[in-house]
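J.: Quick one: structure below, then a few questions.
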Amino acid sequence: MRAEPLRIAMWSGPRNLSTAMMRAFGNRPDTAVSDEPFYGFYLARTGLDHPGRNAVIASQPTDWQAVAAALTGPVPEGRAVWYQKHMAHHLLPGVGRSWIDRMANAFLIRDPRAVLASYARVRAVATLDDLGLPQQCEIFRRVADRLGAPPPVLDARDLLRDPRAALTALCGALGIPFSEAMLSWPPGRRDTDGVWGEHWYAAVEQSTGFQPYRPRAIDLPPDLEGLAEDARPYYAELYEARLAG
C-alpha cells in the first residue's frame, strides 16, 4: 500500500483521446480527476478566443502559482490516486516547472494528421503550439533527464487497438494496479468536467468506453498537411518511447 497519494500528470494535446482517458481513470474507485486546471490561466494570459473563453476564465484560478500549489496539495476526497489531465501547451514559458518533479508524469500522443482532422472540426485555425507536441517534448525531456529513463508514453492508436493491454501497461509503469473499471463508464457529463465540455466533449459524453480502432482516410488541406509535417519530428520522438501493450 502506498504511503503517499499518487499524483499523475498526464500531458496531452487536444483531440488525443485525453477526455476518454480521464473517464477511464475517473471510473476507478480510488481515483480523483481534474480537468485541464491551467486552461483559465492560459486563456487569460494569451488572450486567445477559444469557445466559451469567458466562462473558462471565470471557472478557474488564473494565477499559475495558485494552480500549481493546489495540484501539489491535498488530494480531493482523500483518494489514493489523483489523475490530472493537462494540455501541455497550457504550460506557457513563464510557468515554473519545479512542481512537475513532484508528479508521476505520463504522456498521451496521437498522430498529428489525425489530431488536425479532429481539431479542425471545432477550430478552423491551428498552429504548432496549439497541438502541444513541442511542449510535450520539453516536459518529456525534463522528466527523462531527472529520472534517467523515459517516462511512460501511450499512443492513442495503441489505446484504441487494445485498451486493456495499453491501460495495463500504463498502470504498471505508474506503479498502480490495472482496474477493470477503466474499460467502461456511464455516459453523460461529470461534475469534474471543465465548463468547456459543451464545446468539445459531445462524443465522450455519449460514450461508454473506448471506441474500436478503425483506420480512416484523412484528407487535410495543404496548410494543415504542412503543419502535420512540422509536428511529425516531435511526435516521432515521443512515439519512440511509447509503451508496448
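J.: Rounded to the nearest 500, what is the 222 nm mean residue ellipticity of the chain from helices alone, with -39500 (n - 2.57) per DSSP H run of 4+ residues and division by all residues?
T.: Helices in the chain give a 222 nm mean residue ellipticity of -12000 deg cm²/dmol.
J.: From zero up to wherever the largest Cα-Cα distance of the range 1-137 sits, split into 10 Å bins and tell me the percent of pairs in each.
T.: All Cα pairs considered, the percentages come to 11, 42, 37, 10, 1.
J.: Give the percent of DSSP beta bridges with both residues in the chain that are antiparallel, rounded to the nearest 5.
T.: 5
J.: Can you give the alpha-carbon Rg of the range 59-117 over 2.2 N^0.38 Å, where N counts its residues?
T.: Computed over Cα atoms of the range 59-117, the ratio equals 1.34.
J.: Continuing with this model, one more query. What is the Å³ per residue value for the convex hull set by the Cα atoms of the range 94-217?
T.: Taking only Cα atoms, the range 94-217 has a hull volume of 154 Å³ per residue.
J.: The range 35-91 to the range 104-182: how many Å between their Cα centroids?
T.: 18
J.: Stretched out fully, how many nm does the piece from Arg164 to Ala70 gain, at 0.36 nm a residue minus the Cα gap?
T.: Full extension of this stretch gives 30.7 nm more.
J.: Further, regarding this structure: Computed over the Cα atoms, what is the radius of gyration of the range 6-239 divided by 2.2 N^0.38 Å, N being its residue count?
T.: Compared with the compact-globule rule of thumb, the range 6-239 sits at 0.95.
J.: Relative contact order (percent) for the chain, with alpha-carbon contacts under 8 angstrom and 6 or more residues of separation?
T.: Value for the chain: 28 percent.
J.: Another one. Between rounded, prolate and oblate, where does the range 1-67 land on the alpha carbon gyration tensor, with a ≥ b ≥ c its root eigenvalues, rounded for a/c under 1.5, else prolate if a/b exceeds b/c?
T.: Prolate.
Laboratory data are not the source of any read-out in this text; all were calculated from the coordinates shown. These figures come from a predicted structure and were not determined experimentally.
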